1. Just checking the output field for A:47-58: average partner chain Cβ neighbours within 10 Å of each residue's Cβ?
2. Can you give me the relative contact order of chain A as a percent, contacts being Cα pairs under 8 Å and 6 or more apart?
3. Is there a simple number for the mean count of other chain Cβ atoms within 10 Å of the Cβ of residues in A:19-29, and what is it?
4. For chain A, with a Gaussian network of springs between Cα atoms less than 10 Å apart, report the residue from A:41, A:179, A:112 with the top mean-square fluctuation.
5. Looking at chain A as a GNM with Cα springs under 10 Å, which of A:37, A:126, A:222 has the largest mean-square fluctuation?
6. How big is segment A:13-58 in terms of Cα radius of gyration and Dmax, in angstroms?
7. Calculate the length of the line joining the C-alpha centroid of segment B:89-105 to that of segment B:295-335, in whole Å.
8. So if the hydrodynamic radius of segment A:130-184 is defined as the Kirkwood radius over C-alpha pairs, what does Stokes-Einstein give as its diffusion coefficient at 20 °C and 1.002 mPa s, in µm² per second?
């Protein structure tokens with residue numbers, strides 16, 4: 001066996017043959033040049049996106065959420081007789097709300113005076129309560145005042161919180177972006193429906209005189225809010 | 001609408017095909033040694049892909065609520081969960097992925113023809129595959145997972161080799177009039193589709209940057225900022241699919257205009273159209289893709305899942321194994337001359353066709369409410385067709401084309417076949433063992 005018969009350790013003749021055609025090489029050269037262009041602009045785009053996304057993810061996450069407030073009022077004046085119980089219904093419709101506003105809470109004020117004109121006639125006794133209706137609200141919130149009474153003609157203040165977490169005061173929040181921070185404040189449906197107030201009157205008369213009725217005024221204030229968030 | 005996963009079907013199909021291919025390659029002692037070795041490479045690629053899909057199936061079955069995406073492995077976005085079994089399964093996927101990558105490169109150096117030769121060539125290939133599959137999984141596990149994108153360089157190199165072979169073949173055929181050169185371009189084109197169709201179908205999204213928009217959602221969920229090299233690796237992977245698609249599409253377009261359509265041209269046109277549609281689907285769901293950091297994470301619509309299953313799923317899980325078998329047989333990588341081998345081949349083809357058609361029918365049934373009686377009848381028709389036409393179907397796979405002559409290479413020592421089989425078996429056990437071990441030790445947590 002001569003030295004020429006021994007196969008070399010490595011022989012890349014086939015590989016060099018693959019590259020020995022000018023037309024094919026030019027074509028592949030053009031393809032690779034285009035690949036470099038595509039790689040360059042796609043990588044730069046992804047790098048920019050990466051910077052933007054990381055800025056959002058790792059950036060300042062503390063936000064101040066403040067509320068622009070609006071209110072809508074209903075007023076009703078009724079005359080009740082002694083021992084009478086009456087329910088007043090107030091409908092809050094979604095279409096009553098301004099664009100972007102949600103119902104935060106509903107406040108009811110029941111007021112009355114002694115109107116009989118009789119001498120030494122003491123103030124009547126009025127009881128008011130807010131029964132649970134089909135309205136979506138925070139019916140079990142500890143800060144609600146759903147019932148009250150008065151026997152000295154002072155106003156009865158009732159409060160129903162409707163939107164979760166809303167107190168009317170600005171709050172702090174953490175989140176990736178404004179959208180996520182505002183999400184809890186953009187839930188629709190709370191505070192719309194029927195809000196009812198049930199009133200009961202017990203008159204107080206001076207001896208030998210009869211005070212059988214009373215005029216009672218009910219003011220309903222529907223407090224609405226529109227949230228906005230700013231980075232702190 | 002829930003869609004059935006095709007991963008278990010692909011796992012079974014690939015594992016059976018891999019086993020049969022390895023058996024056929026090992027016992028064809030009189031067959032061309034270069035072709036035998038290439039068939040072995042193919043067989044082990046099947047086994048690794050099959051094992052990969054099997055683990056995906058196990059994860060889908062055991063952890064149905066877990067979020068498990070392709071990017072987790074391909075782009076290394078995984079973060080250990082602390083669940084030892086889950087982490088071990090994902091570690092295995094990284095090991096198997098490394099094995100698939102190096103086996104694909106080895107295949108590119110051997111098919112359609114041997115790019116190297118010499119006394120040390122095959123040993124160098126075997127040694128290279130062994131060293132890579134031992135070292136790379138450890139590097140990925142201890143290097144922080146995202147380092148896996150470094151493999152994009154190799155994926156791109158493999159794509160570039162086959163693309164160059166395709167260009168060389170198509171230029172020789174259409175410009176120089178060398179009809180025999182078609183075998184090389186056809187082989188390279190089919191191999192490119194078989195291995196890169198998963199990224200090819202996002203070609204327009206790559207060019208129009210929609211893939212980046214999708215990936216920005218992935219970035220948002222990563223614990224730290226990514227380096228420019230990592231991002232370059234991500235893009236290299238997309239371009240590895242874009243480059244061959246554009247080349248093969250233009251080449252086959254011109255060839256179809258000149259000579260008429262072929263299997264390769266039809267397949268590449270279908271893949272191109274899917275990629276075209278995918279871009280507009282990307283646009284349609286772009287708000288959802290970026291929802292995780294712009295708003296809040298939203299689920300993709302059911303229709304998207306259906307489309308993904310019918311395109312990516314069918315292409316990767318059902319069509320690719322068929323393409324592999326077609327290449328194996330068409331290029332005579334396995335000896336089909338003896339009766340014994342031909343019977344095994346028939347079993348292989350029929351099994352493949354039946355598994356694919358029955359899964360396809362089942363999948364259709366999971367997507368649209370077709371009564372079971374109808375699908376059972378359709379399956380019976382398919383079975384009858386396959387049995388009745390078995391001879392003709394096998395003949396179509398094994399037609400006497402000149403493609404087999406294209407595959408040429410060096411002589412290989414007989415003991416190399418056994419060495420390679422033993423090596424890959426050891427590698428498989430090694431990948432499973434170190435995955436369990438390091439997951440149990442909490443590596444990466």
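Read-outs: derived from the displayed coordinates by stated rules, not from any lab. Computed from a predicted structure; not experimentally measured. Don't worry about glycine lacking a Cβ; one is built from the backbone with ideal geometry, like all the others, and counts go over all protein chains shown.
1. The per-residue average across the peptide is 6.
2. Relative contact order of chain A: 37 percent.
3. Across the residues of A:19-29, the mean count of other-chain Cβ atoms within 10 Å is 5.
4. A:41
5. A:37
6. 18.3, 54
7. A separation of 18 Å, based on Cα centres.
8. It diffuses with D of about 153 µm²/s by this estimate.
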